[in-house]
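The values are calculated or read from the model by the stated rules, or taken from the named source; none is laboratory data. Owing to the predicted nature of the structure, the values given are computational and were not obtained by experimental measurement. Quick reminder, even Gly has a Cβ in these numbers, built from the backbone with ideal geometry, and neighbours come from all protein chains shown.
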Protein chains: 2
Amino acid sequence: MNTATEKPLVLITAGPTREAIDPVRYISNHSSGKMGYAIATAFLEAGYPVVLVSGPVNLTLTNPNLTTINVNSADEMFAACKAYFASAKIAVFAAAVADYKPAEIYINKMKKSASEFDLKMVKNVDIAYEFGQVKTNDQVAVGFALETNDEEQNALKKLYKKNFDLIVLNSTQDSGATFGFDTNKITIINKDFVFRALPLKSKAELGRDIAQAAIKLVKTNTDKTINQTQLT
Amino acid sequence: MNTATEKPLVLITAGPTREAIDPVRYISNHSSGKMGYAIATAFLEAGYPVVLVSGPVNLTLTNPNLTTINVNSADEMFAACKAYFASAKIAVFAAAVADYKPAEIYINKMKKSASEFDLKMVKNVDIAYEFGQVKTNDQVAVGFALETNDEEQNALKKLYKKNFDLIVLNSTQDSGATFGFDTNKITIINKDFVFRALPLKSKAELGRDIAQAAIKLVKTNTDKTINQTQLT
C-alpha cells in the first residue's frame with residue numbers, strides 16, 4: 001500500500017542550527033522546528049515521501065515514508081540536503097539556519113581571562129540560495145521569512161533573490177505566533193507577488209496549507225510540461 | 001508531614017544560560033541540566049527544601065518542597081539566586097553559566113549584509129564567585145569544573161578563587177560522561193585538596209553522592225559552632 005512511491009520526493013529542512021564556538025559553547029536561535037515538522041506531517045499525510053533534515057529540536061516524527069537526518073551546523077545541513085535535492089520535486093526550507101558562524105572553532109574550551117573580546121563571525125552557507133541557483137523548472141522551492149521590520153518588502157526581496165516559488169512570511173509582531181508557539185500567523189506570497197494572508201491557526205493546519213500550495217505548483221508545472229509536449 | 005521545614009534550604013542552579021544576540025539568536029552551551037536536577041532530586045529525597053534556579057532545559061521536577069525559577073540569561077539567574085542565597089545553608093552552582101554575553105542586544109533582528117563581522121562579547125557576571133565573596137562560615141558552596149585541559153590544576157584554582165567548599169570535576173575526556181548523557185564520571189575535591197574519584201555512575205547516583213558530601217560539611221560546620229559555643 002505504498003502510495004508514496006508514485007508521488008515525488010519532498011525535501012524539508014527544519015529547526016535551528018547550532019554553530020560551535022568551542023566544544024561546549026554554540027550560537028543558535030529560538031526555532032522550535034514545529035512549523036517544519038508540521039509541513040513534513042502534512043506531506044506524509046498526503047502520501048508524499050519526505051526527507052527531513054532537522055537541526056536539534058525536541059520533536060520526533062516517525063512514518064514509513066519519512067527519512068530524518070539529524071544535523072547540528074549549517075554546513076552539515078547543506079551537506080545532507082545536497083544528497084537529496086536533485087531527486088526532490090519540492091524543497092521546503094523551513095529551518096532557521098544561522099546566518100553567521102564563528103570563524104574559528106576552538107578545540108579546547110576557551111579560558112575566560114579578558115574582560116571582553118571580539119568573536120569573529122563569518123557568513124554561513126546560504127542553503128536556500130545555493131539550491132535556488134541550481135533549481136530546475138520542474139522543482140518547487142518554498143522559503144520562509146521571519147522579519148522584525150519592513151516585513152513585506154524584505155520577504156519579496158528574499159523570494160526573488162533565492163529563486164523561491166513561494167515564500168511564507170512569519171511576523172514576530174503577532175502574539176501567539178512563531179517561535180515555540182503551537183499557532184502561527186503567516187502570509188503565503190507567490191512569484192506573482194500575490195499575498196495570501198491566513199488567519200491565526202495551529203501549525204498543523206498551516207502545515208497543510210503550505211503543503212497544498214506547493215503541491216498545486218508542482219501540478220501546474222507538470223501540466224505545463226504536458227502542454228509543451230503536446231505542442232511539439 | 002513537612003519534615004523539610006526542619007532542614008535548611010538548599011539553593012541549586014542548573015542547566016545552561018542563553019545570552020541574547022537579538023530577538024531570535026542567542027549564545028548557549030550543551031548543558032542538559034541533568035546533573036543539577038539529579039542533585040535537586042537527591043536533596044528533596046533527603047527531606048531538604050530546594051530552590052532550583054534553572055536555565056532552559058527539557059526537564060521537569062515537581063515536589064512540594066521544591067521552588068523552581070526558570071531563567072534565560074546569567075543576569076536573570078544571578079537576580080533569582082540573590083533572592084535566596086542568604087537564607088540557604090547549601091548552594092550548589094551546577095549551571096553552565098555563559099562566561100561572556102554579547103555587549104549589545106539588537107532590538108531588531110540583525111540583517112545579514114557583511115561577509116564577516118565581530119560580535120563584541122563582554123564578561124558575564126560570575127555568579128559563583130559573587131556569592132563566594134559574601135558566603136558566611138556556616139554556608140557550604142559546591143561548584144563544578146568542566147575542563148578540557150589541565151583538569152585538576154584548573155579545578156583547584158577555581159575551588160580557591162570562588163571560595164567553594166567542594167568542587168566537582170567533570171572531565172570531557174571520559175566517554176559516557178558529561179553533556180547530555182545520563183551517566184557521568186566525576187571527582188569531588190574538598191578544601192584540603194583531597195580528591196575523591198568516583199567511578200562512572202548514573203547522574204541520579206552521583207546526585208546523591210554530591211548532596212551527601214555537602215550535607216556532611218553542613219553538619220561539620222554545625223558541630224564546630226556547637227563546640228565553639230561550649231568553649232565560650
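Odds and ends about this structure:
- Residue in region B:124-147 that is surrounded by the fewest Cβ atoms within 10 Å (Cβ to Cβ), counting only those that are in a loop (DSSP other than H, G, I, E, B) and among the acidic types (Asp, Glu): B:Asp138
- Test for A:Gly36: is it assigned to a loop (DSSP other than H, G, I, E, B), in contact (Cβ under 8 Å) with a residue 12 or more places away in the chain and not hydroxyl-bearing (Ser, Thr, Tyr): no
- The single residue among B:Tyr26, B:Tyr48, B:Tyr100 that is buried (at least 19 other Cβ atoms within 10 Å of the Cβ) and touching a His at 6+ places or on another chain (Cβ under 8 Å) turns out to be B:Tyr26.
- Residues that are buried (at least 18 other Cβ atoms within 10 Å of the Cβ), away from chain B (no Cβ under 14 Å) and not β-branched (Val, Ile, Thr) within region A:71-83 comprise A:Met77, A:Phe78, A:Ala80, A:Cys81, listed in sequence order.
- Answer from A:Ser32, A:Ser54, A:Ser73, A:Ser87 - the residue that is among the hydroxyl-bearing types (Ser, Thr, Tyr) and modelled with pLDDT under 95: A:Ser32
- Within region B:148-170, the residues that satisfy the criterion of being outside any loop (DSSP other than H, G, I, E, B) and loosely packed, with under 15 Cβ neighbours inside 10 Å are B:Gln153, B:Lys157, B:Tyr160, B:Lys161.
- Filtered by the rule that a residue be outside any strand (DSSP E or B), in contact (Cβ under 8 Å) with a residue 24 or more places away in the chain and within 8 Å of chain B (Cβ to nearest Cβ), region A:92-106 gives A:Ala98, A:Asp99.
- Hits in region A:1-18 (condition: surrounded by fewer than 24 Cβ atoms within 10 Å (Cβ to Cβ) and either in contact with a strand residue (DSSP E or B) (Cβ under 6 Å, 6 or more places away or on another chain) or part of a loop (DSSP other than H, G, I, E, B) (or both)): A:Met1, A:Asn2, A:Lys7, A:Pro8, A:Leu9, A:Arg18
- From B:Ser115, B:Ser54, residue being among the polar types (S, T, N, Q) and under 12 Å from the mean Cα position of the chain (by Cα): B:Ser54
- The sole residue among B:Thr220, B:Thr183, B:Thr172, B:Thr178 that is at pLDDT below 95 and over 19 Å from the mean Cα position of the chain (by Cα) is B:Thr220.
- Among the numbered conditions (1) within 30 Å of B:Leu9 (Cα to Cα); (2) surrounded by 15 or more Cβ atoms within 10 Å (Cβ to Cβ), the only one that B:Leu119 does not meet is (1).
- Scanning region A:113-129 for residues that are within 7 Å of chain B (Cβ to nearest Cβ) and hydrophobic (A, V, I, L, M, F, W, C) yields A:Phe117, A:Leu119, A:Met121, A:Val122.
- A:Ile69 vs. criteria of a type outside the set (Gly, Ala, Ser) and under 17 Å from the mean Cα position of the chain (by Cα): yes
- Any chance B:Lys89 is surrounded by 15 or more Cβ atoms within 10 Å (Cβ to Cβ) and free of Cβ contacts under 8 Å to residues at least 24 places away in the same chain: no
- Enumeration of residues in region A:71-88 that are touching a helix residue (DSSP H, G or I) at 6+ places or on another chain (Cβ under 9 Å) and either over 21 Å from A:Asp126 (Cβ atoms) or not aliphatic (A, V, I, L, M) (or both): A:Phe78, A:Cys81, A:Lys82, A:Phe85
Residue-by-condition table, conditions (1) in a helix (DSSP H, G or I); (2) in contact with a His (Cβ under 9 Å, 6 or more places away or on another chain); (3) among the polar types (S, T, N, Q):
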{"position": "A:Pro56", "(1), (2), (3)": "no, no, no"}
{"position": "A:Leu59", "(1), (2), (3)": "no, no, no"}
{"position": "A:Ile69", "(1), (2), (3)": "no, no, no"}
{"position": "A:Asn72", "(1), (2), (3)": "no, no, yes"}
{"position": "A:Asp75", "(1), (2), (3)": "yes, no, no"}
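- Filter result for B:Phe144 (within 15 Å of the chain's Cα centre (by Cα) and of a type outside the set (Gly, Ala, Ser)): yes
- Hits in region B:13-62 (condition: among the aromatic types (Phe, Trp, Tyr) and more than 14 Å from every other protein chain (Cβ to nearest Cβ)): B:Tyr37, B:Phe43, B:Tyr48
- Any chance A:Thr68 is away from chain B (no Cβ under 11 Å) and touching a Leu at 6+ places or on another chain (Cβ under 6 Å): yes
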